[in-house]
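Student: First the structure, then my questions, so here it is.
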Amino acid sequence: DQQVKQNSPSLSVQEGRISILNCDYTNSMFDYFLWYKKYPAEGPTFLISISSIKDKNEDGRFTVFLNKSAKHLSLHIVPSQPGDSAVYFCAASSHNQGGKLIFGQGTELSVKP
Amino acid sequence: DTAVSQTPKYLVTQMGNDKSIKCEQNLGHDTMYWYKQDSKKFLKIMFSYNNKELIINETVPNRFSPKSPDKAHLNLHINSLELGDSAVYFCASSQGGDFAHIQYFGAGTRLSVL
């Protein structure tokens, strides 16, 4: 039973354009959502997060949007750069779960020059 | 200086063998984790330790036994390896409390069971 889903296994975007990665979840107990970025042969790296009390969090070129009613979040990268090419994992957690993260299966982003 | 380091990076072994993967973090974090990434690329938590105490134990076969000699180390021992254990295993660490969800991962150990 996948509680966090990323339905697009891959996404290709032109350099300078916006990349939008999507994530859906089913568990309404989740109260923290995160995006991790992963390069080949490396571990995931924390990118940005959002608490369930907010609907938007921005950090430089990266913005995460949360729609609680739809149980949906998205990561916007603008402008996209070739160095952003990586696998992006969406993750969710509950504050009383001791750091237990539930990950989606990832979306591979390719930013073409 | 690597923050979370795992050894070995690659591990190839025969079915039925026993093997260990080591993990060390130099971030001063209280909490450490083991995750398994299977062939479908899902990252699933296996165990979590906080100050050497087991706090998360997902539905993992008893053949997997984590050991935390101190809060900077969390090793994973696997007995009687099976084909289905082939995966990439990631170690991670975090501060506790409200920052537990921001986790720092090692580069992974790719285990191949033949």
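The values are calculated or read from the model by the stated rules, or taken from the named source; none is laboratory data. Quantities reported herein were computed from a predicted structural model and do not represent experimental measurements. Note: ideal-geometry Cβ built from the backbone for every residue, glycine included; neighbour counts use all protein chains shown. Calculation scope for accessible area: heavy atoms of the full protein, side chains included, ligands and nucleic acids excluded. Shrake-Rupley method; radii C 1.70, N 1.55, O 1.52, S 1.80 Å.
Yes/no matrix, rows are residues, columns are (1) at the interface with chain A (Cβ under 9 Å from one of its Cβ atoms); (2) closer than 29 Å to A:Leu47 by Cβ; (3) not aliphatic (A, V, I, L, M):
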site: B:Thr59; (1), (2), (3): no, yes, yes
site: B:Pro69; (1), (2), (3): no, no, yes
site: B:Leu76; (1), (2), (3): no, yes, no
site: B:Glu82; (1), (2), (3): no, no, yes
site: B:Val88; (1), (2), (3): no, yes, no
site: B:Ala100; (1), (2), (3): yes, yes, no
site: B:Thr109; (1), (2), (3): no, yes, yes
site: B:Ser112; (1), (2), (3): no, no, yes
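Student: Among the residues of region A:17-35, are any touching a residue at least 40 places away in the same chain (Cβ under 8 Å), farther than 19 Å from A:Lys100 by Cα, away from chain B (no Cβ under 14 Å) and not in a strand (DSSP E or B)?
Tutor: As a first pass, look at region A:17-35 and keep what is touching a residue at least 40 places away in the same chain (Cβ under 8 Å): A:17-35.
If we keep only those that are farther than 19 Å from A:Lys100 by Cα as well, we get A:17-22.
Still in the list and also away from chain B (no Cβ under 14 Å): A:17-22.
Next, from what is left, pick out any that are not in a strand (DSSP E or B): A:17-18.
Within region A:17-35 (the criterion being touching a residue at least 40 places away in the same chain (Cβ under 8 Å), farther than 19 Å from A:Lys100 by Cα, away from chain B (no Cβ under 14 Å) and not in a strand (DSSP E or B)), the answer is yes, since at least one residue qualifies.
Student: Could you pull out every one of the strands (runs of 3 or more DSSP E) wholly within region B:4-114 that has 2 or more residues that are touching a helix residue (DSSP H, G or I) at 6+ places or on another chain (Cβ under 7 Å)?
Tutor: B:109-113
Student: Which numbered condition trips up B:Ser39, out of (1) among the hydroxyl-bearing types (Ser, Thr, Tyr); (2) open to solvent by 60 Å² or more (accessible area, probe 1.4 Å); (3) in contact with a Phe, Trp or Tyr (Cβ under 9 Å, 6 or more places away or on another chain)?
Tutor: (3)
Student: Let me ask you something else. Restricting attention to region B:21-36, which residues are of a type in the set (S, T, N, Q), more than 7 Å from every other protein chain (Cβ to nearest Cβ) and touching a Phe, Trp or Tyr at 6+ places or on another chain (Cβ under 8 Å)? Walk me through it before giving the result.
Tutor: Within region B:21-36, the subset of a type in the set (S, T, N, Q) is B:25-26, B:31.
Cutting the leftovers down to more than 7 Å from every other protein chain (Cβ to nearest Cβ) gives us B:25-26.
Selection gives B:Gln25 alone.
Student: Among (1) surrounded by 14 or more Cβ atoms within 10 Å (Cβ to Cβ); (2) modelled with pLDDT under 95, where does A:Pro40 come up short?
Tutor: Status for A:Pro40: all satisfied but (1).
Student: Which of the residues that make up region A:87-100 are open to solvent by less than 10 Å² (accessible area, probe 1.4 Å) and at pLDDT 95 or above?
Tutor: Passing the criteria: A:Tyr88, A:Phe89, A:Cys90, A:Ala91, A:Ala92.
Student: Could you check, for region A:105-113, whether at least one of its residues is of a type in the set (Lys, Arg) and either open to solvent by less than 50 Å² (accessible area, probe 1.4 Å) or part of a loop (DSSP other than H, G, I, E, B) (or both)?
Tutor: As a first pass, look at region A:105-113 and keep what is of a type in the set (Lys, Arg): A:112.
With the extra rule that they be either open to solvent by less than 50 Å² (accessible area, probe 1.4 Å) or part of a loop (DSSP other than H, G, I, E, B) (or both), the set shrinks to none.
No, region A:105-113 contains no residue that is of a type in the set (Lys, Arg) and either open to solvent by less than 50 Å² (accessible area, probe 1.4 Å) or part of a loop (DSSP other than H, G, I, E, B) (or both).
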